[in-house]
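The values are calculated or read from the model by the stated rules, or taken from the named source; none is laboratory data. Note that the structure is a prediction, hence the values are computed from the model and not measured. Ideal geometry is used to build each Cβ from the backbone, glycine not excepted, and the neighbour counts take in all protein chains shown.
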Protein chains: 2
Amino acid sequence: MARNENGQTLLRESQLSKRVKNILFIMCDQLRADYLSCYGHKRLMTPNLDRLAARGMLFERAYVQSPVCGPSRMSYYTGRYVQAHGASWNFVPLKAGEMTMGDHLRPLGVRSVLVGKTHMRADLAGMSRLGIDPDSTVGVRIGECGFDPYERDDGIHPYSGHDPDPAYSDYLRRNGCDGDNPWEAWANTGTDSDGQARSGWFLKYSRLPARVPEQHSETPYMTRRAMDFMREAGDQPWCLHLSYIKPHWPYIVPEPYASMYGPQDVPPVVRSEAERRDPHPVYAAMMKHRVSRTFSQDGVREAVIPAYMGLIKQIDDQMGVLFSFMEEAGLMDSTMIVFTSDHGDYLGDHWMGEKDLFHEPVIRVPLIVYDPDPRADATRGTRCADLVEAVDLAPTFLDVCGGAPVPHVMDGRSLRPLLFGQRPADWRREVVCEYDYAFQDARIELGTAPRDAWMRMIFDGRWKYVVFEGYRPMLFDLASDPDEFVDLGASQAPEHEQARQRLHEALFRWALRPRQRVTVPDAAIESVEVQPRISEGGILIGYWDEDDLARARQSFKPRFSSTNPLVRSTLDRLTGKQGVPQ
Amino acid sequence: MARNENGQTLLRESQLSKRVKNILFIMCDQLRADYLSCYGHKRLMTPNLDRLAARGMLFERAYVQSPVCGPSRMSYYTGRYVQAHGASWNFVPLKAGEMTMGDHLRPLGVRSVLVGKTHMRADLAGMSRLGIDPDSTVGVRIGECGFDPYERDDGIHPYSGHDPDPAYSDYLRRNGCDGDNPWEAWANTGTDSDGQARSGWFLKYSRLPARVPEQHSETPYMTRRAMDFMREAGDQPWCLHLSYIKPHWPYIVPEPYASMYGPQDVPPVVRSEAERRDPHPVYAAMMKHRVSRTFSQDGVREAVIPAYMGLIKQIDDQMGVLFSFMEEAGLMDSTMIVFTSDHGDYLGDHWMGEKDLFHEPVIRVPLIVYDPDPRADATRGTRCADLVEAVDLAPTFLDVCGGAPVPHVMDGRSLRPLLFGQRPADWRREVVCEYDYAFQDARIELGTAPRDAWMRMIFDGRWKYVVFEGYRPMLFDLASDPDEFVDLGASQAPEHEQARQRLHEALFRWALRPRQRVTVPDAAIESVEVQPRISEGGILIGYWDEDDLARARQSFKPRFSSTNPLVRSTLDRLTGKQGVPQ
């Protein structure tokens, strides 16, 4: 690195703007924060991710915006809270017109490319209304939440409205995994000890090895596709969203990962009998979901979690492959790497399966950021305890790519000040997570109208407060009750009433800012004294007479007259002798 | 009307769906509710509007969604609160993709057509991002907030970003009002007693008659354009937005209206010295606006208000012309007529000019609805005291045109139950009005950031409560203080604290519903049990084994199998003997 005595810092900074050229934005699906060794798992070692954390920064308190794939991802991709982007559940299309990461980065010359899953549902009705062909370049981007799809694969059962025959199916067929649905028959089916094929859809068979040869399973396949892209990418800067389907269900993994972990490696379940005594009505209804009941049965966790761990171990191994490739390709010095997840997984904790509520196993996700910028040297290998959110990634990427911030559009904030060890004094004091349970059985059981099936959580690092429509709130004190067993939502202790009151008001203030004035940037307002400019443009509001205008005119900056001499001549006429304009 | 002894009501109702075919949606600009005789004005007689009220329903408590043209109109045109549509001030384009009245009515075969003003600013950046040509049919509609423009005319100084040479200018030239800018030189300029031309921009000259011959002034011109449209409209049902520029400034009117009213006809000013003692900081800053200072000077109201009244009297006369034409054209039995305004005008009340805050003269507007449907016979000539809002019109029109309600998109509710005398028990208990004062001098004086320049009002018919960012709230008790002189925002009286607390919470509950899940209707959620359907589609979440699925399958409705036999065969296989699918 070139240095001189006086200009060292400046030189480094100017080099830097060139150095970080690409972004690799890696997302797992349904990966809990505490299932990586760098986040404290005792039996599941993830040395490649741990090494990434050692080279970058590990965020200990990273929260998603919704405990379910679709809305969480749309918040990542737009930098906006769910109340702003509106795609509040998996089957809710992100409305045509919502700006995504890709829309923000494209004008900066950066390609945003997808390999893997987004859970995006295209807003075909909106496109039709706007006269946009879904197969046009713009239409495809709207349908792929702003990404150019290098390979889209949501990894879900192909009969259910997703791509009925994804490229991965063809790949499997070319590699000896044949049939109508090789995704199911090979990648997600195991063989029992008696030679009988058993579907990975059933949790009982999670312990069986998947039939697919490991190198052809989904995670290595997607990793190779990402490397294919990097090889082909050329000189144009890119933001690659490498979005793994795993460790999301079906929970089944090929050997050697299938045998790697056993029941003895499964962490103790985090649940308490107290949680089932007089629970909050919505929580109670969710505990009755099939998946919650199943995960609460003896033996289920022991069958499922070893496979879940194997899937994560496989991801970590693939991270090793990927990072070695990038090192060899000379990309590590020019590429920011972000590793995160769209949400966690209850796995039986709190008598729940899947996600859908706001306990830590679900809304706290791993977030590791490696920034090759030398300014980030200050924090390499450190752990950040500040509250960060999924919506912070889009503004971070915009920052890295040299774009001006767009606080009129994005709810999040760039993480770069934290990465550079320059924590802003006004960093956020609460995170917010939203959930629309209109689509869940719990809503039907409770007889709640879809419009009322909203819940919002606000968490300040200690107190976690949840507001519902039509039900009492929930409150947890993570200082005295880190496992979130004691719901203080109805407690009359003054301390709890105060905490509820304070967070209630904070959530109100948050709710008053559903960023929708997206067509005018704050900076445009700040840079223009609108009212004088209106007068300078010839619209005269509140002037009594000619003298009044003549006096005001002394401070006018005749901006318009440079482009429209009629304005100046009109103002001249109005402040001089009156006469009929010709 | 055909009648029989048993089926009378049914017959009338079935006829009705054919009877109300068109909608005439008339809007004035800056017309206070209390400047019509049917709303209590003592000197300004508006017999034509009074007659419309006698044939329809007069809403005594109709409120706009924002005290300024652009956002208020966008709420009328979308049926959505400002926090939902985001066009929070005049220069803020309604974002491409927002659904308007026109978008909702078009699929029902109804043309939405504009004659006059909308204050719409086209979202050119959004259209460019979406690849939409602003000159295409879709592009023009996006640029005209969903209307097909028969004649767009915002009636504002032509140098300031609006159409530099509207059709009205050509019309004036063809009728002897010549020059570069006949709008200014004739329609908005008067002649002093000494023969000197004087600009209507100056309030001092409001008392002069405008130079334009009355029949060529803006209001009769636009009325004729509306009649031109009706003559040409043919059989297709229409929703015509006839949107007058007046009585908006420049406050100047031709004879005979210029001489019709004098200072003796001006209602007493509504203001109190108490209001200037220790006012709320934002209110204080707004009292310093030029227009507020001018209107607080002696003599200004007496110069301006007679012209304002003349402009309104002219509108009423034109209503007479229009309704007679419609009667003769046989349109009165098939056309709903709505008369309203986009907001009021302080006219010096409360030491203010223009609008920009939430006092009654500004946010309460006239609303008269004539519905030819016989079911509305029950309420003809009555006055409705229920709280209604600008956002209620779009749902009303959708209702009239036979469309299903869209509560996932529109914040408002159809007024038809009220018109039919069937008040819903759950009718709203509060109205909300929002203002973004980022563009006002008050923000600059206060040093508030644009993002914080929000204020929201909630009013329950008695208590009016205003929340700001960074300032104490305001509170008025209209029962004890109908003129809103006493700001109780800091009062410690228990009654006032309770009122603030209650409305604070009501506003919070309101703020939690910024309708953005616009791509999935509530009815679609209610009609589908999503979770069973997911299983029925072959995605099996939380099933332990084959027996578990076999049991659940007994209650499956195999919806998907009718279109995709693979799903049924897969479920058959999974619940029967396991085997590898081929």
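A few points about this structure:
- Set side by side, the residues B:Leu108, B:Leu49, B:Leu94, B:Leu114 differ, and just one is of a type outside the set (D, E, K, R), within 29 Å of B:Met260 (Cα to Cα) and modelled with pLDDT of 95 or more, which is B:Leu49.
- Enumeration of residues in region A:356-392 that are of a type in the set (A, V, I, L, M) and part of a strand (DSSP E or B): A:Val365, A:Leu367, A:Ile368, A:Val369, A:Val388
- In region A:294-338, residue nearest to the other protein chains (Cβ to nearest Cβ) [restricted to those that are among the small types (Gly, Ala, Ser) and more than 19 Å from A:His248 (Cα to Cα)]: A:Gly299
- Failed condition for B:Ser88, given (1) within 8 Å of chain A (Cβ to nearest Cβ); (2) surrounded by fewer than 17 Cβ atoms within 10 Å (Cβ to Cβ); (3) under 27 Å from A:Leu105 (Cβ atoms): (2)
- Residue match in region B:113-133 (condition: away from chain A (no Cβ under 11 Å) and under 15 Å from A:Gly97 (Cβ atoms)): no
Yes or no, residue by residue, for (1) out of contact with any Leu (no Cβ under 9 Å at 6 or more places or on another chain); (2) touching a residue at least 60 places away in the same chain (Cβ under 8 Å):
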residue: A:Pro395; (1), (2): no, yes
residue: A:Gly402; (1), (2): no, yes
residue: A:Gly412; (1), (2): no, yes
residue: A:Arg416; (1), (2): yes, no
residue: A:Leu419; (1), (2): yes, yes
residue: A:Gln422; (1), (2): yes, no
residue: A:Ala425; (1), (2): yes, no
residue: A:Arg428; (1), (2): no, no
residue: A:Gln440; (1), (2): yes, yes
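- B:Leu503 being at pLDDT 95 or above, crowded, with 21+ Cβ neighbours inside 10 Å, under 25 Å from the mean Cα position of the chain (by Cα) and in the same structural domain as B:Val391 (by TED's automatic domain parsing): no
- Filter result (more than 22 Å from the chain's Cα centre (by Cα), at the interface with chain A (Cβ under 10 Å from one of its Cβ atoms) and either outside any loop (DSSP other than H, G, I, E, B) or crowded, with 22+ Cβ neighbours inside 10 Å (or both)) within region B:405-452: B:Asp441, B:Ala442, B:Arg443, B:Ile444, B:Pro450, B:Arg451, B:Asp452
- Selection within region B:244-271 - within 13 Å of B:Arg207 (Cβ to Cβ), in a loop (DSSP other than H, G, I, E, B) and more than 14 Å from chain A (Cβ to nearest Cβ): B:Pro254, B:Glu255, B:Met260, B:Tyr261, B:Gly262, B:Val266
- Taking every residue in region B:505-517 that is within 11 Å of B:Asp411 (Cα to Cα) and pairing it with any residue that is aliphatic (A, V, I, L, M), at least 6 positions away or on another chain, the pairs with Cβ-Cβ distances below 6 Å are B:Trp510/B:Val432; B:Pro514/B:Ala84; B:Arg515/B:Ala84.
- Any chance B:Thr219 is assigned by TED's automatic domain parsing to the domain that holds B:Phe91 and on the phi < 0 side of the Ramachandran plot: yes
- Only one of the listed residues (B:Ala274, B:Ala285) is assigned to a helix (DSSP H, G or I), more than 25 Å from A:Leu549 (Cα to Cα), more than 26 Å from the chain's Cα centre (by Cα) and among the small types (Gly, Ala, Ser). That residue is B:Ala274.
- All helices (runs of 4 or more DSSP H) inside region B:63-164 with 1 or more residues being more than 16 Å from the chain's Cα centre (by Cα): B:101-105, B:124-129, B:137-143
- Filter result for B:Gly56 (in the same structural domain as B:Tyr244 (by TED's automatic domain parsing) and on the phi > 0 side of the Ramachandran plot): no
Here's the yes/no breakdown for (1) more than 8 Å from chain B (Cβ to nearest Cβ); (2) free of Cβ contacts under 8 Å to residues at least 60 places away in the same chain; (3) within 30 Å of A:Arg277 (Cβ to Cβ); (4) within 28 Å of the chain's Cα centre (by Cα):
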| residue | (1), (2), (3), (4) |
| --- | --- |
| A:Pro473 | yes, yes, yes, yes |
| A:Pro482 | yes, yes, yes, yes |
| A:Leu488 | yes, yes, yes, no |
| A:Ser491 | yes, yes, yes, no |
| A:Pro521 | yes, no, no, yes |
| A:Ser527 | yes, yes, no, no |
| A:Gly537 | no, yes, no, no |
| A:Asp548 | no, yes, no, no |
| A:Gln554 | yes, yes, no, no |
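- Residues considered: A:Asp317, A:Asp278, A:Asp265. Of these, the only one that is more than 30 Å from A:Glu151 (Cβ to Cβ), in the same structural domain as A:Ile368 (by TED's automatic domain parsing) and either of a type in the set (Val, Ile, Thr) or in contact (Cβ under 8 Å) with a residue 60 or more places away in the chain (or both) is A:Asp265.
- Within region A:220-237, the set of residues being under 22 Å from the mean Cα position of the chain (by Cα) and over 22 Å from A:Gly320 (Cβ atoms) comprises A:Pro237 only.
- The test for being in the same structural domain as B:Lys117 (by TED's automatic domain parsing), over 16 Å from B:Phe397 (Cα atoms) and not in a loop (DSSP other than H, G, I, E, B) does not hold for B:Leu44.
- Number of positions in region B:453-467 that are away from chain A (no Cβ under 11 Å) and of a type outside the set (Lys, Arg): 8
- Residue pairs meeting the criteria (Cβ under 8 Å; at least 6 apart or on separate chains; first in the same structural domain as B:Trp544 (by TED's automatic domain parsing) and surrounded by fewer than 18 Cβ atoms within 10 Å (Cβ to Cβ), in region B:559-578; second modelled with pLDDT under 65 and assigned to a helix (DSSP H, G or I)): B:Arg568/B:Phe560; B:Arg568/B:Ser561
- A:Arg472 surrounded by fewer than 22 Cβ atoms within 10 Å (Cβ to Cβ) and either part of a helix (DSSP H, G or I) or in the same structural domain as A:Arg364 (by TED's automatic domain parsing) (or both): no
- Count - residues of region B:297-337 that are of a type in the set (Ser, Thr, Tyr), crowded, with 20+ Cβ neighbours inside 10 Å and in a helix (DSSP H, G or I): 1
- Which listed residue is of a type in the set (Gly, Ala, Ser), away from chain B (no Cβ under 14 Å) and either in a loop (DSSP other than H, G, I, E, B) or under 18 Å from A:Pro220 (Cα atoms) (or both), from A:Gly353, A:Gly344: A:Gly344
- Boolean, A:Ala167 is closer than 27 Å to A:Arg231 by Cα, more than 9 Å from chain B (Cβ to nearest Cβ) and either surrounded by fewer than 20 Cβ atoms within 10 Å (Cβ to Cβ) or within 20 Å of the chain's Cα centre (by Cα) (or both): yes
- Within region A:91-104, the residues that satisfy the criterion of being within 7 Å of another protein chain (Cβ to nearest Cβ) and more than 10 Å from A:Ala122 (Cα to Cα) are A:Gly97, A:Asp103.
- Test: B:Asp178 is within 14 Å of chain A (Cβ to nearest Cβ), in contact with a Lys or Arg (Cβ under 6 Å, 6 or more places away or on another chain) and modelled with pLDDT under 95: no
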